[in-house]
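All remarks here apply to the structure that follows.
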Amino acid sequence: ALPVDTIAEYAARHPKAPHLHFSYGTAGFRTLGVVLDSVLFRVGILAALRSKRLDGKTIGVMITASHNPEEDNGVKLVDPRGEMLEAAWENHATTLANASNEEFLDVLRQFVQTARIDLSKPSRVVYGRDTRPTGEGLVQALRDGLAAIGAEGRDAGITTTPIVHYLVKAINTKGTKQEYGEDSEEGYFEKMSEAFRKLVSGRARIPQLIVDCANGVGAPIVKKMTEYLGETLPIVLVNTAIDTPGALNHNCGADFVKTRQTLPPSLHGMMKPGQRACSFDGDADRLMYYFIDERGYFAMLDGDKIAALVAAFIVDLARLAGLADKVKVGVVQTAYANGASTKYLSERLPVRCVPTGVKHLHHAAEQFDIGVYFEANGHGTVLFSPSTIERLETHEPSTPAQSTALKHLNNLVQLINQTVGDALSDMLLVEVVLAHKAYSAIEWNSLYSDLPNRLVKVYVPNRNVFKTEDAERRLVSPAGLQPKIEELARRYDGGRSFVRPSGTEDVVRVYSEAVLRSQADELAFRVAGLVY
Ligand code: NG1
Ligand code: ZN
């Protein structure tokens, strides 16, 4: 039975404020850090119950608000294979978080019954947090939730979102044939750095890379990784002020670069023409590359450019390994992918478009033998299906060239964090491809030219009236709006525009692209005018 007295005792220390409503969305619970205490306590209990439901498998909890301002915080659960929480439980999370203090025990009891949770099972939870000042208190609330129900907790400390995902998968595969890696932060660094060293060995010296850590947890983590990488990758860290109040994600980081399409001011004067730099976001799961060209212009290498670079490389390797018809490589994008990237990729391999949100991309990528997925904002990874991993391990190459390509593919399996987008793993992946292709940032950028584009937020009275189809590329409601958008888009050379309600903010987003910058802007504002 539920230890109701203990739970009640602990719950009294983490009361829910009556006027607050919480919702577990695409990014978990996310709001001002100071109002999340009761949520973290309840998430502790929920994570333990999820673990019991899955026969004592370890569940992950990450406390972060990613690229949001420093005063925000949030929490997400990680399922046993390192993946995001199953959709049905997102609703359970919302229900539990919103129960009043008086109802809480009853709602909990009811839930245990309907979800058929065997309380005698063990429960294990591994948790981490980013560098936000509210994190420490929230971890304490989470621990109280775990203690209230008698769960076994493991503290991963201040770490990145992708490391928590890695740990969950490593813990749950320990001792099995599918062992993912040593279940520790050192295990993560060792696995990745070893694969990286093998992949770049014998290549030309890699030129210096500047890494903007967004004044977040990427700073200590990349610093530790540089100790494992040694001379193989010369890195200069910037924006590492994790203890400076207000610095996190402020005028820096992957989201700043993507949305402003400009250099973080702190990097001005640091970069030589053509030198590569990249930005992480606040929890190190997004990555943006960029450089300053000879004329002094800023050039951005976003998630689409990373997908193009990486997918083409993997297709080449599969062909060189003699596996062209046995291993099907595909790419998954969203409607926000630049049209030029979709064109470039479609000419080389199958490309699928899915609705916004990492879980949609992840699931679609699982349908390929090797699935490359990236959101334009820099979140993404590469998935190798279990049968492909086995094939790569057992395939008998017939030439030395095939053998080399096969070895590279097997090392990529080790290098890439396949649980979730991982800025550090993705950065090493990009560096490997550049080293193999002997590409500078300039050559990488010239794979294709981005179509100028514009993303606009529109505040509307009720965003729920906006409904979409065809992977969010077309509006079905309000009736009559879609033909008008298409009619406008047709007037511009290379014009494309779509409208969808945001899943994370109370706005409608308008995206447009066209061959000319001025036309992309004009199209966006005219479509925004239709929406408002
Ligand atoms: P919404 O608010 O639904 O557009 C945003 C990002 C997504 C994804 C989620 C989750 C854009 C246009 N949208 O979603 O790519 O990252 O947040 O954080 O960047
Ligand atoms: Zn993030």
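Can you tell which of G74, G60 is buried (at least 24 other Cβ atoms within 10 Å of the Cβ) and within 16 Å of ligand 1 (Cβ to nearest atom)?
After ruling out the rest, the residue left standing is G74.
Count of the stretch 277-308 residues, restricted to those that are within 16 Å of ligand 2 (Cβ to nearest atom) and in contact with a Pro (Cβ under 9 Å, 6 or more places away or on another chain), is 4. Considering the stretch 326-386, the qualifying strands (runs of 3 or more DSSP E), each wholly inside and each with 2 or more residues that are of a type outside the set (D, E, K, R), within 16 Å of ligand 1 (Cβ to nearest atom) and within 15 Å of I306 (Cα to Cα), run over 329-333, 370-374, 380-384. Going residue by residue through the stretch 424-445, is there one that turns out to be buried (at least 19 other Cβ atoms within 10 Å of the Cβ), within 30 Å of P234 (Cβ to Cβ) and of a type in the set (D, E)? The answer is yes, given that some residue of the stretch 424-445 is buried (at least 19 other Cβ atoms within 10 Å of the Cβ), within 30 Å of P234 (Cβ to Cβ) and of a type in the set (D, E).
Taking strands (runs of 3 or more DSSP E) that fall entirely within the stretch 1-108, which contain at least 2 residues that are closer than 19 Å to L119 by Cα, in contact with a strand residue (DSSP E or B) (Cβ under 8 Å, 6 or more places away or on another chain) and not assigned by TED's automatic domain parsing to the domain that holds I416?
Filter on the stretch 1-108 gives 58-63.
Would you say S100 is among the hydroxyl-bearing types (S, T, Y) and either touching a His at 6+ places or on another chain (Cβ under 8 Å) or farther than 15 Å from G145 by Cα (or both)? When the stated conditions are applied, S100 passes them.
Each row is one residue, and each column tells you yes or no for (1) within 16 Å of ligand 2 (Cβ to nearest atom); (2) surrounded by 21 or more Cβ atoms within 10 Å (Cβ to Cβ).
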site: V310; (1), (2): no, yes
site: P350; (1), (2): no, no
site: V358; (1), (2): yes, no
site: V382; (1), (2): no, yes
site: S385; (1), (2): no, no
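Restricting the stretch 408-461 to residues that are charged (D, E, K, R) and touching a residue at least 24 places away in the same chain (Cβ under 8 Å), the residue that is farthest from ligand 1 (Cβ to nearest atom) is K437.
Among the residues of the stretch 134-182, those identified as under 18 Å from I221 (Cα atoms) and assigned to a loop (DSSP other than H, G, I, E, B) are T159, T160, G181, E182.
The values are calculated or read from the model by the stated rules, or taken from the named source; none is laboratory data. These numbers come from a predicted model, not from an experiment. Neighbour counts are summed over all protein chains in view; Cβ atoms, including those assigned to glycine, are modelled from backbone coordinates with ideal geometry.
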